[in-house]
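Report on the following structure.
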Amino acid sequence: MDKIVMKGGAELHGEVVVSGAKNAALPILASALLADGTSTFRNVPDLADVATMLKVLRTMGCGAERLTARKKDVCEVGVNGHITPEAPYDLVKTMRASVLVLGPLVARFGRARVSMPGGCAIGARPIDQHLKGLKALGADIHLTEGYVEARAKQLKGGTVNFDVITVTGTENVLMAAVLAKGRTIMENCAREPEIEELARVLNKMGARIEGAGTSVITVEGVEGLKPVEHAILPDRIEAGTLLVAAAISGGNVLVKHAVPEHLDAVMDKLREAGCTLTAEAGGIRCKAPRTLTSVNITTTEHPGFPTDMQAQLMALMCVSQGTSVISENIFENRFMHVPELHRLGADITIQGHTAVVKGVKHLSGAPVMATDLRASASLILAGLRAEGRTDVSRVYHLDRGYERLERKLRALGADIRRVKAKA
Ligand code: EPU
């Protein structure tokens with residue numbers, strides 16, 4: 001297994017470009033199932049999770065490839081109507097977001113057989129709300145042998161009121177509703193920019209969606225959709241992670257393509273911690289102060305502070321002056337980076353879903369282990385600041401969601417490299 005080897009202490013300076021958003025690319029690739037023909041997506045990040053989604057689509061019989069050579073950010077998904085509407089356990093267990101094919105499959109092909117995702121490292125993560133939404137549109141749903149089997153000759157518009165705000169649940173039901181007969185009203189929807197982006201793509205395909213990005217989405221079903229060409233929006237979580245990298249290293253970095261409106265809550269917290277954040281030249285600049293100040297953080301659904309930035313901000317709080325209280329309200333087990341941050345000398349106590357972080361003057365490098373995607377980013381951020389050498393193992397977690405993060409950080413001046421596993 002590859003690992004990241006780094007020496008802390010360098011201030012980061014310069015410019016870095018954010019890649020396309022993982023959590024927009026995944027539903028958008030799945031949405032190609034809704035139309036016959038070839039859809040072309042640009043700015044698709046080269047990530048393990050994207051490769052898994054392409055594999056899920058190929059397993060069903062779609063053409064789904066990343067173009068090679070000069071156009072590495074381009075993926076084409078071709079659908080010709082003859083597909084096997086099934087997502088097998090082997091793939092879904094490696095990536096829960098594979099469940100995003102459920103809505104498009106049942107809407108377009110009248111049936112779907114998709115493995116239940118099961119729990120994951122950060123929480124139980126049920127999909128009951130996805131199923132509730134599809135049932136409200138008339139799908140007949142059974143759970144057998146670990147699979148969700150959904151059938152509907154023709155979905156019909158209806159009212160879906162989500163009991164829990166769910167990102168992929170909103171996306172799954174939205175992708176089903178676009179081909180349902182009549183009007184669907186979706187209430188208590190997630191409002192993430194990735195949902196607006198999915199709706200933008202679906203509308204380009206011929207769907208009639210209004211209200212995406214607010215908690216009520218209205219969909220007028222249409223009879224068919226056409227393939228699409230689209231460039232995926234920049235990844236706000238990668239952008240936020242790079243802003244924290246600038247902050248924790250005491251540097252000054254322009255994060256290009258970062259969209260300020262997508263990062264309000266993160267920018268507010270970095271400002272409160274003493275950083276100067278400015279929107280400029282198609283990106284966001286973060287200039288760190290000499291001493292960072294502790295801030296409290298509570299994760300909530302968008303537009304609140306994102307759970308996907310909690311681990312990274314916690315790394316920053318480890319070296320800030322004062323005490324920070326960090327409450328995680330989205331997932332029940334998203335503090336697995338804490339024991340690893342302890343190994344670097346952090347002072348953190350967990351009480352239920354709250355972590356109390358007392359800032360320390362120094363972190364010291366050590367071997368640590370990534371436990372999930374954002375945890376791996378948090379350990380790398382801490383390693384930027386720790387004295388001496390930090391080795392982060394299990395970086396396959398990192399590769400699920402960050403495109404060559406170590407190269408981007410090295411270009412900004414960090415002493416960091418990937419050590420490839422021996423074959
Ligand atoms: N939930 C339910 N029932 C459901 C669906 C969700 O109880 O049917 C609960 C979950 O257990 C959780 C909460 O609702 O406690 C929110 O989960 P949500 O469904 O919104 O999460 P998700 O759609 O599975 C997406 C992102 C995650 C991100 C969360 C929260 C994708 C592919 N994944 O997951 O991204 O943390 O929203 O913002 O969009 C990551 O990129 O590192 C990542 C984990």
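Report the gain in length on full extension from Arg407 to Asp128: 0.36 nm times residue separation, minus Cα-Cα distance, nm rounded to one decimal.
Computed gain between Arg407 and Asp128 is 96.5 nm.
Per residue, segment 331-423 exposes an accessible area of 46 Å² to a 1.4 Å probe, with every protein chain left in place. Rg of the Cα atoms in the chain, relative to 2.2 N^0.38 Å, amounts to 0.98. Label-to-label distance, Glu210 versus Asn161, with points set 7 angstrom from Cα along the beta-carbon direction: 2.1 nm.
Ranking of Thr184, Thr68, Thr354 by solvent-accessible surface, largest first: Thr68, Thr354, Thr184 (1.4 Å probe, protein heavy atoms only, all chains present).
What separates the Cα centres of segment 168-197 and segment 340-402 is a distance of 36 Å. Rolling a 1.4 Å probe over the protein heavy atoms leaves Phe109 with an accessible area of roughly 50 Å². The residues of segment 88-173 expose on average 42 square angstrom of accessible surface per residue, using a 1.4 Å probe on protein heavy atoms.
Would you mind classifying segment 1-125 by shape? Square roots of the alpha carbon gyration tensor eigenvalues, ordered a ≥ b ≥ c; an a/c under 1.5 is rounded, otherwise it is prolate if a/b is larger than b/c and oblate if not. Cα axes put segment 1-125 in the oblate bin. A Gaussian network model of the chain, with springs between Cα atoms under 10 Å, assigns the largest mean-square fluctuation among Glu210, Glu196, Glu145 to Glu145.
Taking a threshold of 23 Å on the Cα-Cα distance, which of the pairs Lys269/Lys358; Lys135/Lys204; Lys72/Lys408; Lys71/Lys256 fall above it? Over 23 Å apart, Cα to Cα: Lys135/Lys204.
Ordered by solvent-accessible area of protein heavy atoms (1.4 Å probe), largest first, the residues Lys135, Lys422 come out as Lys422, Lys135.
Using a 1.4 Å probe and counting only protein heavy atoms, arrange Tyr147, Tyr402 so the residue with the most accessible area comes first.
Numbers: Tyr147 30, Tyr402 5 Å².
The most accessible residue leads, giving Tyr147, Tyr402.
Per-residue surface analysis assigns Cys120 an accessible area of about 50 Å², computed on protein heavy atoms at 1.4 Å probe radius. Pull out a ≥ b ≥ c, the square roots of the eigenvalues of the alpha-carbon gyration tensor of segment 230-329, then state rounded if a/c is under 1.5, prolate if not and a/b is larger than b/c, and oblate in the remaining case. Oblate is the answer for segment 230-329, as a/c is 1.5 or above yet b/c matches or exceeds a/b. Share of carbon and sulfur in the accessible area of the chain stands at 48%, probe radius 1.4 Å.
Please check: in the Gaussian network model of the chain (C-alpha springs, under 10 Å), which one of Lys72, Lys408, Lys132 has the largest mean-square fluctuation. In the Gaussian network model the winner is Lys72.
Any chance you could check the Cα centroid distance between segment 251-286 and segment 1-59 for me, in angstrom? First find each Cα centre; the distance between them is then 22 Å. Averaging the sequence gap over all C-alpha pairs within less than 8 Å and six or more residues apart, then dividing by the number of residues, gives segment 304-423 a relative contact order of 24 percent. Per residue, the solvent-accessible area of segment 241-320 (1.4 Å probe, heavy atoms of protein chains only, all protein chains present) comes to 32 Å².
Once C-alpha pairs closer than 8 Å and six or more residues apart are averaged by separation and normalised to the residue number of the chain, the relative contact order reads 21 percent. Pairs of Cα atoms nearer than 8 Å and 6+ residues apart set the relative contact order; for segment 208-363 it is 17 percent.
Comparing Gly352, Gly221, Gly110 in a Gaussian network model of the chain (Cα springs below 10 Å), the most mobile by mean-square fluctuation is Gly352.
The long axis of helix 236-249 is offset from the longest Cα principal axis of the chain by roughly 0 degrees. Which residue, chosen from Phe109, Gly345, Leu313, occupies the Cα position most advanced towards the positive end of the dipole of the chain, where the dipole is computed from +1 (Lys, Arg) and -1 (Asp, Glu) charges on Cβ about the Cα centre? Farthest towards the positive end: Gly345.
Run the helix sum for the chain: -39,500 (n - 2.57) per DSSP H stretch of 4+ residues, divided by residue count, reported at 222 nm to the nearest 500 deg cm²/dmol. Numbers along the way, then the final one.
Details: 14 runs with 131 residues, N = 423.
Taken over the chain, the calculation gives -9000 deg cm²/dmol.
The values are calculated or read from the model by the stated rules, or taken from the named source; none is laboratory data. Values in this document were obtained by computation on a predicted structure and should not be read as measured data. So basically every Cβ, Gly included, is an ideal-geometry build from the backbone, and we count neighbours across all protein chains shown. For the accessible areas, the whole protein counts, side chains as well, though only heavy atoms, and no ligand, DNA or RNA atoms are used. Shrake-Rupley method; radii C 1.70, N 1.55, O 1.52, S 1.80 Å.
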